[in-house]
Structure formats: C-alpha cells, structure tokens
1. Towards the positive end of the charge dipole of the stretch 37-79, with charges on Cβ (+1 Lys, Arg; -1 Asp, Glu), say which of Cys67, Leu39, Ala52 has the farthest Cα.
2. Amide H neighbours of Asp42 under 5 Å, counting only residues 5+ apart in sequence or on other chains, H built in-plane at 1.01 Å?
3. For the chain, find the longest principal axis of its Cα atoms and tell me its angle to the long axis of helix 2-26, 0 to 90°, nearest 10.
4. Based on other C-beta atoms within 10 Å, arrange Asp42, Asp78 from fewest to most.
5. I need the Kirkwood Rh of the stretch 37-79: take the reciprocal of the average 1/r across all distinct C-alpha pairs and report it in angstrom.
6. Cα-Cα pairs above 19 Å in the chain: how many percent?
7. Taking the chain as the reference, fit the longest principal axis to its C-alpha atoms, fit the long axis of helix 69-78 to the helix C-alpha atoms, and give the angle between the two in degrees, 0 to 90, nearest 10.
Amino acid sequence: MLRLLIAALVIRFVWWFVARQMRGASEARPRARGRSVALVRDPVCGTYVEPARAVEARIGSTVHYFCSERCRSQFRRDT
Ligand SMILES: [Zn+2]
C-alpha cells in the first residue's frame, strides 16, 4: 500500500516536472538560461527583476535591486 502511494507521488512529480518544462519552453520565464538579460533577485520579495527596470538602492559598495519602491523602503527599514 505504501509503495503504491510512493509510486503515485513519483508519477505526480514527474508529470508536474514535464508540464513545467513544457510551459517554460513556450513562455518567457525569468530564470530561463540563454536569455540576453541577466536578472537580479529582489531580496525582499524574491522576484526576479531586470536591473534596467528595477528600483535601485546603494548600500555601501553594493547595489541592490527591487521590483518596486515599496520593497526598497521595506529593505531600508529592515537593514
Ligand atoms: Zn519586490
């Protein structure tokens, strides 16, 4: 019984993975390799943003990029 359950889980996972791969091929995904634009991660909400369009915050020598002004102000509040 337990084996059957594990098998079902594995099949589900494989199916999910295949579906995800197929979606990724047709849609532009933020982390897709081979794209020309390098993306940076918003440290507050985890969204991937283009540095050119992102909201910047320079802290010391490091530049942080955010998806919105809200995330930037939250980041500044937290640090
Ligand atoms: Zn954000």
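1. The residue sitting most towards the positive pole is Cys67.
2. Counting only residues 5 or more places away or on other chains, the set is Thr47, Tyr48, Val49.
3. Long axis of 2-26 versus the principal axis of the chain: about 50 degrees.
4. Going from least to most buried by this count: Asp78, Asp42.
5. One decimal place: 10.2 Å for the Kirkwood radius.
6. 56 percent
7. Rounded to the nearest ten degrees, it is 80.
Computed from the coordinates by the stated procedures, all read-outs in this text should not be read as laboratory data. Fair warning: this is a prediction, and the values are worked out from it, not measured in the lab. So basically every Cβ, Gly included, is an ideal-geometry build from the backbone, and we count neighbours across all protein chains shown.
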